[in-house]
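Beneath this line is the structure, given in structure tokens, with notes to follow.
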Amino acid sequence: CLIESCSFSKARSIALYDGKLIDIIYEFKYRGKLGHGGFLSGLLVDNMPYDAGKLDVVVPVPIHIKKLRSREYNQSAVLAINLARRIGVKHDLFGLRKIKDTRPQFEIEKEEERRRNVKGAFSVVNAETFSGKSVLVVDDVFTTGSTSDECARVLLKAGASGVSVLTVARARWS
């Protein structure tokens, strides 16, 4: 984790955000190529680094309602649903919400600015949903960990016993 003190206990990515994977994720996320979600979810399942038996719930990184209306789907939710079903763990698509419409993280270069951008951007709908639960947060790309960290922070505040992160790709960060 590039952040000095992370709220999540572990973060794992299946591959580097490089080569053809950049194109596949871009098409999946921005061009409506939902079929790529099956392939990307398969990568997560086939390379699952966590013991599914120790997870209580899989949660996608949420997107703001304005972005959801524009894109018509949340790519992280597609990944989370597919992964959870295939590993036999419950998923919750609505318990964690994005309440602040932030700038896209890829537009921000400095880590500190990325952290500020997502600070206070997420909330838990009902704390009882995550109380005492081991949560796996799923996203497409991990860059600095700012988004994952903020999601984990609010989940832990709501009573989650632990939060791990799984992404398809890990961006190179200098």
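The values are calculated or read from the model by the stated rules, or taken from the named source; none is laboratory data. Please read these numbers as outputs of a predicted model, since none were measured by experiment. Using ideal geometry, Cβ is built from the backbone for each residue, glycine included, and neighbour counts are taken over all protein chains shown. What goes into the accessible areas is simple: the full protein's heavy atoms, side chains included, and nothing from ligands, DNA or RNA. Shrake-Rupley method; radii C 1.70, N 1.55, O 1.52, S 1.80 Å.
If the condition is being without any contact (Cβ under 8 Å) to a residue 24 or more places away in the chain and in contact with a Pro (Cβ under 7 Å, 6 or more places away or on another chain), then segment 50-93 contributes ASN74, ALA77. Exactly one residue out of LEU34, LEU93 is in contact with a helix residue (DSSP H, G or I) (Cβ under 7 Å, 6 or more places away or on another chain), open to solvent by 30 Å² or more (accessible area, probe 1.4 Å) and over 29 Å from SER131 (Cα atoms): that is LEU34.
Report whether or not SER13 is open to solvent by less than 40 Å² (accessible area, probe 1.4 Å), of a type in the set (Gly, Ala, Ser) and touching a residue at least 60 places away in the same chain (Cβ under 8 Å). Here the answer is no, as SER13 does not meet what is asked. Among the residues of segment 138-157, is there at least one that is under 25 Å from ILE22 (Cβ atoms) and in contact with a Gly (Cβ under 9 Å, 6 or more places away or on another chain)? Yes, segment 138-157 has at least one match.
Restricted to segment 117-174, and to residues there that are out of contact with any Lys or Arg (no Cβ under 7 Å at 6 or more places or on another chain) and of a type in the set (Ser, Thr, Tyr), the residue that is most open to solvent (accessible area, probe 1.4 Å) is SER174. Take the conditions (1) more than 25 Å from ILE14 (Cα to Cα); (2) at pLDDT below 95; GLY159 misses just one of them, which is (2).
Selection within segment 50-67: residues that are within 20 Å of THR147 (Cα to Cα) and not in a loop (DSSP other than H, G, I, E, B). The member of this set that is most open to solvent (accessible area, probe 1.4 Å) is LYS66.
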